[in-house]
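Trainee: Dropping a structure here in structure tokens format, bear with me for questions.
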Amino acid sequence: MATIYDVARLAGVSPATVSRVFNGTSVSAEKVDAVRRAASELSFTPNRAARTLRRQSSEVIALIIPDIENPYFTEMARGVEDVASEAGYSVVLCNSDSQIEKESTYLRIAMAENMSGVIVAAASDRTNLDKLLAAGRPVVAVDRSAAHDIDAVVMANRDAGRQATAHMLTSHRRVAFIGGPEHIETAAERAEGWRQAHRDAGMEPPSELLRFATFRVDGGRDAMEELLALPEPPDAVVAGNNLIGVGAIQVLTEHDLTPPRLGVAVIGSLPFTTLSPSVVTIVRLPARHMGVTAARMLLERIRGDRQPARTVVLRNELQSARRAD
């Protein structure tokens, strides 16, 4: 079995340099490349168990997200994994289903397994990180902030709701909004953006056109059915996330109201649809960039960064639908 000394000899560097590479310490790109090529050629695997005992933490980080089936979080997870892997860390992906009990279990496991840090999209405003933080484990919040003084990477949610609604109001009179659970920060802020766009246009936000549901396809379906059943239905709708958009469009298709017959804007992306992208307005959210940014911030904390907690707000990009002739 190859040792750290074999790798150092083949790479033409010192054993200390090999150790620094696999510990994620700053080393020149040239030496990192030489060490990793030598390690690959020799099938060398660092002794993680021994290093864990020395450092009192493993080279593993936990990523806790509310819905592993949502492509938005899958894309974000890819960004986290790419950065972590490059630094020699493994990522354990945990699906909380937005349930505080499941999330608490994963947080306890992160403590018990001496994981180096945690990236978490909080299940609710009751997410409790006290024990993890008291043990000195770095934590970064993603997608929504946590009720703790920690680093966070979030989207410009209020602006996303405002942008999507303002664009719809340029060509539609009654613009509805379907968001996720109202107690979740992203849903509440995007709904507030919907209200702001109406006020900016000199209109009172029509409360009967505001719906809070789940962040899943069935949430979009149920809310869209309710909106179409109103005495005066909307002529456009803003979907608060990608899966809500899928559900809403499914219902519109069943009612022969496929866009552009009824205007649709989606905050996020639009997976699982046969519609042409040209008929739906999209406010794109940089999910992978969020994961990349969060992983880099976590690694900085793991390596000893002690600066005050930071919040990074990522910007959106509006991709408007083509107007019907």
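The values are calculated or read from the model by the stated rules, or taken from the named source; none is laboratory data. Fair warning: this is a prediction, and the values are worked out from it, not measured in the lab. Because the Cβ atoms are built from the backbone with ideal geometry, glycine has one as well, and the counts that use them run over all protein chains shown. Please note that ligands, DNA and RNA were not included when accessible areas were found on the heavy atoms of the full protein model with its side chains. Shrake-Rupley method; radii C 1.70, N 1.55, O 1.52, S 1.80 Å.
Trainee: Looking at the structure I just gave you, is Asp67 over 17 Å from Met297 (Cβ atoms), surrounded by 17 or more Cβ atoms within 10 Å (Cβ to Cβ) and of a type in the set (Asp, Glu)?
Mentor: Yes; evaluated as a whole, the condition is true for this residue.
Trainee: Let me spell it out: the conditions are (1) modelled with pLDDT under 95; (2) not in a loop (DSSP other than H, G, I, E, B), and Asp67 meets all of them except one. Which number is the exception?
Mentor: Asp67 satisfies every listed condition except (2).
Trainee: Still on this model: Examine the range 53-60 for a residue that is at pLDDT below 85, more than 27 Å from Gly291 (Cα to Cα), open to solvent by 50 Å² or more (accessible area, probe 1.4 Å) and out of contact with any Phe, Trp or Tyr (no Cβ under 7 Å at 6 or more places or on another chain), and state whether such a residue exists.
Mentor: Looking for residues that are at pLDDT below 85, more than 27 Å from Gly291 (Cα to Cα), open to solvent by 50 Å² or more (accessible area, probe 1.4 Å) and out of contact with any Phe, Trp or Tyr (no Cβ under 7 Å at 6 or more places or on another chain), one finds at least one in the range 53-60, hence yes.
Trainee: So, of the residues in the range 1-36 that are closer than 24 Å to Asp305 by Cβ and of a type in the set (D, E, K, R), which turns out to be modelled with the lowest pLDDT?
Mentor: Within the range 1-36, the match that is modelled with the lowest pLDDT is Arg20.
Trainee: Which residues, taken from the range 156-203, are small (Gly, Ala, Ser), part of a loop (DSSP other than H, G, I, E, B) and either surrounded by 24 or more Cβ atoms within 10 Å (Cβ to Cβ) or in contact with an Asp or Glu (Cβ under 8 Å, 6 or more places away or on another chain) (or both)?
Mentor: Hit for the range 156-203 is Gly180, nothing else.
Trainee: List the helices (runs of 4 or more DSSP H) inside the range 208-325, counting only whole elements, that have at least 3 residues being closer than 26 Å to Asp143 by Cβ, out of contact with any Pro (no Cβ under 9 Å at 6 or more places or on another chain) and open to solvent by 50 Å² or more (accessible area, probe 1.4 Å).
Mentor: 217-228, 287-302
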